[in-house]
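Report on the following structure.
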């Protein structure tokens, strides 16, 4: 079984709550026994999270060895420049090493985007832009650290694609089962 879930902001990518943490978990949205997240999304990130009950498929989707491309939309503080895009495309030096090159492009704010609760902070004198980034690795908080390293701190982060799977029209908190024949293609 493979499930696509649109993880809302402030939800943990696990079924068990953390002691002393008031954040919701996957159990607040998905009541399907035996499925586990194939990868993670930070509590303050939104978007596509895949869950499965098949170990091989989970490894294929989550393990960086398989280099499944993951595509994100990032609302960033500042104006995206050609120099910033070039740096992201080459790979960015972070404290834990050089990132793999990313596909990076400036994009307009998506017209399908849902409002975030709570809303993103805005400062009248600092412009915001949107980036689309595709990565083939998964370092901790990588997109946020990469955009900050090129002078564009991330304000909002939404994953829209993992390999061939997309968020499509799922609203935050909604999920759908992906037909078995489609999930088998990614496991091979």
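The values are calculated or read from the model by the stated rules, or taken from the named source; none is laboratory data. Computed from a predicted model, the values in this text were never measured in an experiment. Backbone-built Cβ (ideal geometry, glycine too); neighbour counts: all protein chains shown.
Below are the figures for this structure:
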{"read-out": "Restricting the stretch 32-54 to residues that are outside any strand (DSSP E or B) and touching a helix residue (DSSP H, G or I) at 6+ places or on another chain (Cβ under 6 Å), the residue that is farthest from residue 136 (Cα to Cα)", "value": "38"}
{"read-out": "Filtered residues of the stretch 132-163 (kept if assigned to a strand (DSSP E or B), over 12 Å from residue 42 (Cα atoms) and out of contact with any helix residue (DSSP H, G or I) (no Cβ under 7 Å at 6 or more places or on another chain))", "value": "132, 134, 155, 160, 161"}
{"read-out": "Total residues in the stretch 61-73, condition surrounded by fewer than 19 Cβ atoms within 10 Å (Cβ to Cβ) and in contact with a helix residue (DSSP H, G or I) (Cβ under 6 Å, 6 or more places away or on another chain)", "value": "1"}
{"read-out": "Pairs, first part of a helix (DSSP H, G or I) in the stretch 3-31, second surrounded by fewer than 20 Cβ atoms within 10 Å (Cβ to Cβ) and at pLDDT 95 or above, C-beta under 6 Å, six or more apart", "value": "26/15; 27/15"}
{"read-out": "Residue check for residue 32: touching a strand residue (DSSP E or B) at 6+ places or on another chain (Cβ under 7 Å) and outside the structural domain of residue 179 (by TED's automatic domain parsing)", "value": "no"}
{"read-out": "Condition check for residue 59: farther than 16 Å from residue 171 by Cα, free of Cβ contacts under 8 Å to residues at least 40 places away in the same chain, part of a helix (DSSP H, G or I) and in the same structural domain as residue 175 (by TED's automatic domain parsing)", "value": "yes"}
